[in-house]
1. When a/c reaches 1.5 or more, the comparison of a/b and b/c decides; with that in mind, is the chain rounded, prolate or oblate per its Cα gyration tensor?
2. How would the stretch 75-137 be classified by its alpha-carbon gyration tensor: rounded, prolate or oblate, with rounded meaning a/c under 1.5 and the a/b versus b/c comparison settling the rest?
3. So if I take the centroid of the Cα atoms in the stretch 4-45 and the same for the stretch 97-140, what is the distance between those two points in Å?
4. Please state the relative contact order of the stretch 1-108 as a whole percent: Cα pairs under 8 Å, 6+ residues apart?
5. Would you mind getting me the FRET efficiency between residue 138 and residue 54? Use the beta-carbon distance for r and R0 = 30 Å, nearest 0.05.
6. Under 1.5 on a/c is rounded, so check that first for the stretch 1-58, then, if it is not, pick prolate when a/b is larger than b/c and oblate when it is not; a ≥ b ≥ c are the square roots of the alpha carbon gyration tensor eigenvalues.
7. Obtain the nm distance between the two label points defined at residue 80 and residue 3 by a simple spin-label model: each point lies 7 Å from its Cα along the Cα-to-C-beta direction.
8. Using 0.36 nm per residue, how much length does the chain from residue 109 to residue 25 gain when fully extended, once their Cα-Cα distance is taken away?
Ligand code: ATP
Ligand code: MG
């Protein structure tokens, strides 16, 4: 299976509870390697741009407000079949539906404050990585 990259965000509910290391450890244990990482506080414009695909959804305003409510850690992850590997360890969007051993089952507070984001396709991974990282910031 091919080694690919995906994009991850450790969301404000997780940084607020000092879970950056705990979340990253679960990503690493799942076979993903952090090849770029930075802690940022997103602007409203960045959050609206990043989540533009959801702008017609009823929760868009709350989602943007949540994502700018505190710092996040944006990361590029590398591994075999990275998009799926990351989504598997993240667990279902709603923590009530997430499987045991997943990040969202372990840490998420709600469907909104669900601790992590992960790209949902190789194509979107490329777009999302480019949204936050310059090529020279990614060191594999
Ligand atoms: P993400 O894109 O953050 O990795 P996801 O792909 O599992 O999560 P999406 O359907 O892309 O889920 O939704 C994006 C984010 O919007 C979710 O992670 C969650 O924070 C929020 N969200 C999704 N559905 C709802 C909802 N019904 N109410 C409130 N927030 C929601
Ligand atoms: Mg999504």
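No value in this document is a laboratory result; all are computed from the given coordinates. All of these numbers come straight from a predicted model, not from anything done at the bench. Because the Cβ atoms are built from the backbone with ideal geometry, glycine has one as well, and the counts that use them run over all protein chains shown.
1. Details: a/c = 1.43, a/b = 1.13, b/c = 1.27.
Because its axes are fairly even, with a/c under 1.5, the chain counts as rounded.
2. Numbers: a/c = 2.50, a/b = 1.89, b/c = 1.32.
Because a/c hits 1.5 or more and a/b exceeds b/c, the stretch 75-137 counts as prolate.
3. 7 Å
4. On the way: 164 pairs, mean separation 44.8, N = 108.
This gives 41 percent for the stretch 1-108.
5. Values: r = 26 Å, r/R0 = 0.85.
Efficiency at R0 = 30 Å is approximately 0.70.
6. Values: a/c = 2.21, a/b = 1.39, b/c = 1.59.
It is oblate, given that a/c is not under 1.5 and a/b is not larger than b/c.
7. Modelled inter-label distance: 1.2 nm.
8. On the way: separation 84, 0.36 × 84 = 30.24 nm, distance 1.90 nm.
Extra length from residue 109 to residue 25 when fully extended: 28.3 nm.
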